[in-house]
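Take a look at the structure below.
The values are calculated or read from the model by the stated rules, or taken from the named source; none is laboratory data. Computed from a predicted structure; not experimentally measured. Neighbour counts are summed over all protein chains in view; Cβ atoms, including those assigned to glycine, are modelled from backbone coordinates with ideal geometry.
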Amino acid sequence: MAKDNTKETDYRKSKIKSIIAWTIAIIFACVQLVLTLTPFFFMIMNSFRKQFDMLQQGVFHLPDPWFTENYVTVVTHDFFGYFFRSVIVVSISLVLMLIISSFAAYPLARMKFKLNPFIYAAIVAMMSVPMHVTLIPIFKMTTMIGFNDTLKSLIGPYVAFALPMSVFILTAFMKTIPKEIEESAEIDGCNKYKNFFLMILPLSKSGLSTLAIYNGVGMWNEFAFANTLILSPEKKTLPLALGQFKGEHSLNIPINMAVLTLSVLPMIVLFIIFQDKLVKGMMAGAVKG
Amino acid sequence: MKKDNNVSLARAKARSTARAATVFLIPALLLIAIFIVYPVIDTFVISEYKWNGISADRIFIGMDNWRALIHDAMFWESFKHNLIVMVFSILLQIPLGMLLATFLDAGGKKFNIFKIIWFLPYLMSSVAIAFLFVYALATNGGIVSSLATIIQGKRATVDLLGTSPQALYTVIGVMAWQFTPFYMVYFIAGYGNIDTSVYEAAIIDGATRWQYIKHIAIPLLGPIFKTACTMSLIGSLKYFDMIWNMTQGGPAGSTELMATYMYKLSFQQFNMGYGSTVAAGMFILITAIALIFNKLFKVKEDY
Amino acid sequence: MNKKVLASILATVLTVTTLAGCGSSSSAPAAGGSDANAPAASGDAAQASDSAGKQTDGKNLPTLTTEPMEITLWDISTEDPGKTNVEGAVQRFMADYPNITVKQTHQQNDTYKQQLVVAMSSGQCPNIYCHWGGGPMAEYYKSGFANDITDMYAKYDHPEFVDAAVAQSTYDGKMLAIPFSGLTGCDIFYNKTIFKDLGLEVPKTLDELEAVCEKLKENNIIPFSLANASKWTGSMYYMYLVARHSGNAEFDAAYTQENGGSFTSPAFIFAGEKIQDWVKKGYFPDGVNSLTADDNQDRALLYDGSAAMMLHGSWQVSGIKQDNEEWYNENIGVFRFPEDSEAKAKGVPQDVEIGTAIGMGLTFNCFKEDGSVDQDMLDACYVLATQYFNDDTYNEAQFSTGTIPSIKGFNENIEDPNNKYIIDEFFKASNVQLWYDQYLPASVTEVHKDCMTELFGLEKTPEQIGQEQDEAMKKALAEK
């Protein structure tokens, strides 16, 4: 009887504890919500204002009056052209990058060979290269092979620059996959190649989606290479669209905010679609199956 | 006889492993060699010249630039800033990201809306972030100064970007705002990789959620954790974008980082030779720090 | 389960390959397109012009080649109205000379200097490029990317550029650029309504200016709107105070560091102390070093009425007008930087203006493989820059948007009263000092800008910043 009582209070205690914990967590979550949403919200709000109103009333003020002309201007200045060129470049680069980096991460994470630590260290070291030192050499190479001022000239640098970080992340992810999975497959007569495609790749799905998000955003917003390698307006990508509305002394901030809002929207939509893939890889199914 | 057989078998296995590894690694190594290694070598070569970056003749001066770099107070000052940024980035971004991810992992699907909104800062471009924060932190009508005015009941100015050393810490805060969402997503993926049966087993054994996180999830996430720290470390040591848009290294160099210093020298001050030395020095320092970090926090690895 | 996984992988691989295939085929035509990139307008216009004659007919100019030629041109006119205007000049030129194709690229201002460095170091320097003169122009010339056009300029027709513009296009006695983007003055914009409400007069001397500031302070209005995170904005006060105190002679001396010239000479100390005094008195906004002009934070202070005056470049006229013309007409007036009456009593000239007489210049890079001058191309570039840029159509378009071409006679008939005032002052000036941050060698510029932060932030004394600038200047001179 007495025993039952303590159990009961224990249960109650832990229940209360859990309620308190959740309350604190929710409050914290809401604070974070405000912190992340406010700047974003004002980016959108300011895109609906005239520059004069924005400067006079203050940036953190709701549009009064609402001004939609900015979007008309942006869209009529070939916004969709910029947009689709970005889509082409980013999707090709991203797919190539995911394939190549998962190829490279696999042996580094799961094979024993003499050069492994060395190659791994070398690739990690390449993460510390400041991007600006590569501008001139890459521009020279691009001109030499006649790729200058073409969209395809961007793909090489985009993929290459995403590789060290991606290989690094993916190697860490692949290391968390229990080695029994592979061993059992090897007993079943799978070779390394089959192993990779049948076991490791599907199990790295959550790692791959992280990479896709990380590099997708990076490539989508990439400015320096695009600005250097592409000159013709009819080949420019989205981050360069901002430049159209930036004169020497005449920066129209609301129009820029409109461009930025329009460029971020597709990313948000994609994130909403793909964020599910982040949670619960196929691990459970794989082990049980 | 039997031993011999074993040895040759092992050798054959090693050889096939090596072959497979080569096949898998070649595309990545090739691309990295062309687009990163070659420019890095080029940078080291240029660092031995006195060169304005455009002229056809450059003067070979051997190690002079390197000697200058060792005595360059500006460079070490910016390196110090980078170190500060690095330490605080790791201390802010990783735990916060972890916290958010844990919350989302515990909450499951019904918290998706939190996940999506929390992720927004990472999607915004540095240009927009810099602009909005410059205004939010403005001494005149900025959010922070306005809040201070309300709290104190009289006109108050909080100058976060215009004075050192506050400017550097302010920028660190904005960086944390921008990058924490990425680590959040990263840790969500990490949680996703933990076998659900592990969680189920733990719960059946009577573990509370907190115990599960502390004793099971975090150790299992070890390698992921370390990778995240390394990324944040390297990222903050070569950071450029948002700082460039927000302060350009100012006020009076108090937010100058190695990368902004290098950029100014190479592309604005016609000092490509020395700028390349700074870049090369940066490369050496970052790599060294990253390797030391990885040695210090060796996570048990098995292949 | 294995089968399922295999299927999904196959599907992924297939999608990937099709995507990749798709990509390479779709970017192929883009590559071809770049060769056929000649601006479309040239064709029709060219035929029409043959019968109509050229707009250069009857002028004393070099005869241009009839062989096909391609000229690359870089400017930073990414935005209208400038964009239409520079494109118009190029199209008129190509209509008159159909054998010559001009490939024009509009670069972004923010990264323009970097783009030029990348292009020049890779052997891809455009044949014509714009720049702001000063230190960088000298650097381009010394590195072999600028044709010396002194003789051509003397021999052939060209617009009558104002003397200051010719001076700013010249380095080491050699003419290196053709001005094309107009004059920029620097004066104090003020809120007429506030001045009227408080019964304030436009100040003529520094003492009067300080009295105005005091009165504004009493009424809780910030005297000067200044966004000094940009540094060149604070530099304007420093430059003017030096100019008023010494008639700019001390700056010229400090620039050479000869005959006792130094950034610690009396005028610089005077300027520094005056500024720090004003900071202490609260003449500038709080946190002046955190506000940035790039984000228009200084204009915002003017718009919401919290500040009454702003020392700035004359581009603010069109900038503010573009934001709200009505408000501009009602509220904005302009006056020149007040005189230093003590210095004036000693006979120091008070008519030095700060600004730029060329805005930007076009410099030519026409060399053959062996390094000799490609005269045919240079001739074409010269005609394009002097006769099509800077022609009547071009100048009128400039004029109508509030930019005053650097050509004699354009100071007449200016409608906007503020612009008229600014330009009149500009033409009355005995000397126009180019912004320090463009005039000084690039390495000194950076030091100077940081000094401005420290000066306004009260972190260093005028002596200290003077010494720092001296040191940088000496170092730059030693490297020449």
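Each row is one residue, and each column tells you yes or no for (1) more than 21 Å from the chain's Cα centre (by Cα); (2) in a helix (DSSP H, G or I); (3) at positive phi.
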| position | (1), (2), (3) |
| --- | --- |
| A:30 | yes, yes, no |
| A:36 | no, yes, no |
| A:56 | yes, yes, no |
| A:61 | yes, no, no |
| A:64 | yes, no, no |
| A:74 | yes, yes, no |
| A:83 | no, yes, no |
| A:88 | no, yes, no |
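For residue C:442, indicate whether it is over 21 Å from residue C:164 (Cβ atoms), modelled with pLDDT under 90 and among the hydrophobic types (A, V, I, L, M, F, W, C). Let's see the steps before the verdict.
Details: over 21 Å from residue C:164 (Cβ atoms): yes; modelled with pLDDT under 90: yes; among the hydrophobic types (A, V, I, L, M, F, W, C): yes.
Spelling it out, residue C:442 is indeed over 21 Å from residue C:164 (Cβ atoms), modelled with pLDDT under 90 and among the hydrophobic types (A, V, I, L, M, F, W, C).
Which members of segment B:56-80 meet the condition of being touching a residue at least 12 places away in the same chain (Cβ under 8 Å), assigned to a helix (DSSP H, G or I) and of a type in the set (Phe, Trp, Tyr)?
Matches in segment B:56-80: B:66, B:75, B:79.
With (1) at the interface with chain B (Cβ under 7 Å from one of its Cβ atoms); (2) buried (at least 23 other Cβ atoms within 10 Å of the Cβ) as the list, and residue A:97 as the residue in question, which single condition is left unmet?
Single failed check for residue A:97: (1).
Restricting to helices (runs of 4 or more DSSP H) lying wholly in segment C:304-369: which have 2 or more residues that are touching a Pro at 6+ places or on another chain (Cβ under 6 Å) and not assigned by TED's automatic domain parsing to the domain that holds residue C:196? Give the steps one after another, and end with the answer.
On the way: elements: C:315-323, C:325-331, C:341-345.
Once the helices (runs of 4 or more DSSP H) in segment C:304-369 are filtered for at least 2 residues that are touching a Pro at 6+ places or on another chain (Cβ under 6 Å) and not assigned by TED's automatic domain parsing to the domain that holds residue C:196, nothing remains.
Is it the case that segment B:191-200 has a residue that's modelled with pLDDT of 80 or more, within 9 Å of chain A (Cβ to nearest Cβ) and not in a loop (DSSP other than H, G, I, E, B)? Show your work before the answer.
Restricting attention to segment B:191-200, the residues satisfying the condition of being modelled with pLDDT of 80 or more are B:191.
This time we only want the ones that are within 9 Å of chain A (Cβ to nearest Cβ), so: B:191.
Within this subset, residues satisfying the condition of being not in a loop (DSSP other than H, G, I, E, B) are B:191.
Yes, the conditions are met somewhere in segment B:191-200.
Would you be able to say whether some residue in segment A:238-258 is within 13 Å of the chain's Cα centre (by Cα), modelled with pLDDT of 85 or more and away from chain C (no Cβ under 14 Å)?
Step one: of segment A:238-258, the residues within 13 Å of the chain's Cα centre (by Cα) are none.
No, segment A:238-258 contains no residue that is within 13 Å of the chain's Cα centre (by Cα), modelled with pLDDT of 85 or more and away from chain C (no Cβ under 14 Å).
Against the conditions (1) more than 14 Å from chain C (Cβ to nearest Cβ); (2) buried (at least 20 other Cβ atoms within 10 Å of the Cβ); (3) not small (Gly, Ala, Ser), where does residue B:147 fall short? Just the number, please.
(2) is the only condition that residue B:147 fails.
Yes/no per residue for (1) more than 30 Å from residue B:93 (Cα to Cα); (2) not assigned by TED's automatic domain parsing to the domain that holds residue A:204:
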{"site": "A:18", "(1), (2)": "no, yes"}
{"site": "A:37", "(1), (2)": "no, yes"}
{"site": "A:84", "(1), (2)": "yes, no"}
{"site": "A:100", "(1), (2)": "no, no"}
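Got a sec? Which of B:8, B:16 is polar (S, T, N, Q), over 20 Å from residue A:159 (Cα atoms), in a helix (DSSP H, G or I) and at pLDDT below 80?
Details: B:16 fails: at pLDDT below 80.
Answer to the check: B:8.
Take the conditions more than 27 Å from residue C:165 (Cα to Cα) and either touching a Leu at 6+ places or on another chain (Cβ under 8 Å) or not polar (S, T, N, Q) (or both) and apply them to residue C:339. Does it pass? Full working, then the answer.
Numbers: more than 27 Å from residue C:165 (Cα to Cα): no; either touching a Leu at 6+ places or on another chain (Cβ under 8 Å) or not polar (S, T, N, Q) (or both): yes.
No, not satisfied.
From the list B:149, B:163, B:157, exactly one residue is more than 28 Å from the chain's Cα centre (by Cα) and assigned to a loop (DSSP other than H, G, I, E, B). Which is it? Walk me through it before giving the result.
Working: B:149 fails: assigned to a loop (DSSP other than H, G, I, E, B); B:163 fails: more than 28 Å from the chain's Cα centre (by Cα).
Answer to the selection: B:157.
Of the residues that sit in segment C:332-358 and are touching a residue at least 40 places away in the same chain (Cβ under 8 Å) and small (Gly, Ala, Ser), which one is farthest from residue C:207 (Cα to Cα)?
Ranking the qualifying residues of segment C:332-358, first place goes to C:357.
State whether the residues of segment C:299-318 include one that is charged (D, E, K, R) and surrounded by 20 or more Cβ atoms within 10 Å (Cβ to Cβ).
Keep residues of segment C:299-318 that are charged (D, E, K, R), which gives C:299, C:304.
Pick out the ones that are also surrounded by 20 or more Cβ atoms within 10 Å (Cβ to Cβ) and you get C:299.
So far as segment C:299-318 goes, yes, one or more of its residues are charged (D, E, K, R) and surrounded by 20 or more Cβ atoms within 10 Å (Cβ to Cβ).
Working only within segment A:6-53, note down all residues that are surrounded by 14 or more Cβ atoms within 10 Å (Cβ to Cβ) and polar (S, T, N, Q).
A:32, A:36, A:38, A:46, A:47, A:51
Do we have any residue at all in segment C:115-124 that's within 18 Å of residue C:315 (Cβ to Cβ) and assigned by TED's automatic domain parsing to the domain that holds residue C:397?
Pass one, segment C:115-124, residues within 18 Å of residue C:315 (Cβ to Cβ): none.
Looking for residues that are within 18 Å of residue C:315 (Cβ to Cβ) and assigned by TED's automatic domain parsing to the domain that holds residue C:397, one finds none in segment C:115-124, hence no.
Give segment C:463-480 a look and list any residue that's of a type outside the set (Gly, Ala, Ser) and crowded, with 21+ Cβ neighbours inside 10 Å, or say none. Step through it out loud before you land on a result.
So in segment C:463-480, the residues of a type outside the set (Gly, Ala, Ser) come out as C:463-465, C:467-471, C:473-475, C:477, C:479-480.
Selection gives C:465, C:469, C:473.
Which residues, counting only those in segment C:419-439, are over 20 Å from residue C:273 (Cβ atoms) and surrounded by 23 or more Cβ atoms within 10 Å (Cβ to Cβ)? Step through it out loud before you land on a result.
Restricting attention to segment C:419-439, the residues satisfying the condition of being over 20 Å from residue C:273 (Cβ atoms) are C:419-435, C:437-439.
Across segment C:419-439, the qualifying residues are C:422, C:426, C:432.
Report the residue count in segment B:215-255 for those that are within 30 Å of residue C:232 (Cβ to Cβ), at the interface with chain A (Cβ under 9 Å from one of its Cβ atoms) and outside any helix (DSSP H, G or I).
Of the residues in that region, 2 qualify.
Output the residues belonging to segment A:218-233 that are in contact with a Ser or Thr (Cβ under 9 Å, 6 or more places away or on another chain) and in a helix (DSSP H, G or I). Break it down stepwise before answering.
Step one: list which residues in segment A:218-233 are in contact with a Ser or Thr (Cβ under 9 Å, 6 or more places away or on another chain), which gives A:219-233.
Within segment A:218-233, A:219, A:220, A:224, A:225, A:226, A:227, A:228, A:229, A:233 qualify.
Taking segment C:126-171 only, how many residues are of a type in the set (Phe, Trp, Tyr), part of a loop (DSSP other than H, G, I, E, B) and within 19 Å of residue C:113 (Cβ to Cβ)? Before the answer, list the steps.
Initial filter on segment C:126-171 (of a type in the set (Phe, Trp, Tyr)): C:129, C:132, C:140-141, C:145, C:153, C:156, C:161, C:171.
Next, from what is left, pick out any that are part of a loop (DSSP other than H, G, I, E, B): C:132, C:145, C:156.
Checking the rest, the ones that are also within 19 Å of residue C:113 (Cβ to Cβ) come to C:132, C:145.
Matching residues across segment C:126-171 total 2.
Is it the case that residue C:120 is crowded, with 22+ Cβ neighbours inside 10 Å, under 30 Å from residue B:52 (Cβ atoms) and out of contact with any helix residue (DSSP H, G or I) (no Cβ under 8 Å at 6 or more places or on another chain)? So that I can check it myself, show each step before the final result.
Details: crowded, with 22+ Cβ neighbours inside 10 Å: yes; under 30 Å from residue B:52 (Cβ atoms): yes; out of contact with any helix residue (DSSP H, G or I) (no Cβ under 8 Å at 6 or more places or on another chain): no.
No.
If only one of C:101, C:150, C:105, C:111 is among the hydroxyl-bearing types (Ser, Thr, Tyr), under 25 Å from residue A:225 (Cα atoms) and more than 14 Å from chain B (Cβ to nearest Cβ), which one is it? Can you show your working first?
On the way: C:101 fails: under 25 Å from residue A:225 (Cα atoms); C:150 fails: under 25 Å from residue A:225 (Cα atoms); C:111 fails: more than 14 Å from chain B (Cβ to nearest Cβ).
Answer to the selection: C:105.
Quick check, is residue B:272 more than 18 Å from residue B:168 (Cβ to Cβ) and touching a strand residue (DSSP E or B) at 6+ places or on another chain (Cβ under 9 Å)?
Numbers: more than 18 Å from residue B:168 (Cβ to Cβ): yes; touching a strand residue (DSSP E or B) at 6+ places or on another chain (Cβ under 9 Å): yes.
Against the criterion (more than 18 Å from residue B:168 (Cβ to Cβ) and touching a strand residue (DSSP E or B) at 6+ places or on another chain (Cβ under 9 Å)), residue B:272 qualifies.
So which residues in segment C:293-323 are of a type in the set (Gly, Ala, Ser), within 10 Å of chain A (Cβ to nearest Cβ) and more than 13 Å from residue C:233 (Cβ to Cβ)? Break it down stepwise before answering.
Here is the first cut: in segment C:293-323, the residues of a type in the set (Gly, Ala, Ser) are C:293, C:300, C:305-308, C:313-314, C:318-319.
Okay, now just the ones that are also within 10 Å of chain A (Cβ to nearest Cβ), so C:293, C:300, C:305, C:313-314, C:318-319.
Matches in segment C:293-323: C:300, C:305, C:314, C:318, C:319.
Residues that are in a helix (DSSP H, G or I), closer than 30 Å to residue C:230 by Cα and more than 10 Å from chain A (Cβ to nearest Cβ): does segment B:203-213 have at least one?
In the first step, residues of segment B:203-213 are kept if they are in a helix (DSSP H, G or I); the result is B:203-204, B:209-213.
Remaining after also requiring closer than 30 Å to residue C:230 by Cα: none.
Checking segment B:203-213: not a single residue is in a helix (DSSP H, G or I), closer than 30 Å to residue C:230 by Cα and more than 10 Å from chain A (Cβ to nearest Cβ).
Could you please find all residues in segment A:128-147 being part of a loop (DSSP other than H, G, I, E, B), facing chain B (nearest Cβ under 7 Å) and out of contact with any Ser or Thr (no Cβ under 8 Å at 6 or more places or on another chain)? If you could, list the steps in order and put the result at the bottom.
Residues of segment A:128-147 that are part of a loop (DSSP other than H, G, I, E, B), as a first pass: A:128-130, A:145-147.
Retained after the next criterion (residues that are facing chain B (nearest Cβ under 7 Å)): A:128-130.
Matches in segment A:128-147: A:129, A:130.
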